[in-house]
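Here is the structure we will look at.
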Amino acid sequence: MPYVVTVKWTAKPGEASAVAAAIDKLIPPTRAEEGVILYQAHRDPHDDHSFFFYEQYVNEDAFRRHVESAHAKTFGANDAVPRLAEREFTTYQTWEDVQSRNT
């Protein structure tokens, strides 16, 4: 069952460009990871300090491996995260997985 993650980041004033640069460095190695189905970053066209990620992994273990990867630590945890005013993290199940559990 796919493991779905959404993440919302809001950069501190004056930090949006640095956060965007960190995201640019984070995307290619993340998409190359084994177990990543989809890793899509977004930026609000009306608020350049607002970023949104939609991520799908083959399972929770693949997501955990991503979080522990060198590039996630370097460009995410150590570079982008200290520049954030807010961040939100939510996990979901696909609709098909929810339905299969209810039948």
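Just a few scattered comments:
- Estimated from helices alone, the mean residue ellipticity of the chain at 222 nm is -9500 deg cm²/dmol (sum of -39500 (n - 2.57) over DSSP H runs with n ≥ 4, per residue).
- Sequence-distant contacts, meaning Cα pairs under 8 Å at least 6 residues apart, place the relative contact order of region 3-102 at 45 percent.
- Counting every other Cβ atom within 10 Å of each residue's Cβ, SER69, SER17 order from fewest to most as SER17, SER69.
- Each of ARG64 and ILE37 was given a label point 7 Å from its Cα along the Cα-to-Cβ line. The distance between the two points is 1.9 nm.
- Computed from label points 7 Å out along Cα-Cβ, the spacing between ASN102 and LYS73 is 4.1 nm.
Every number in this text was worked out from the coordinates using simple rules, so none of it is lab data. Since we're looking at a predicted model, the values are computed, not measured. For neighbour counting, all protein chains shown are included, and Cβ atoms are generated from backbone atoms with ideal geometry for every residue, glycine included.
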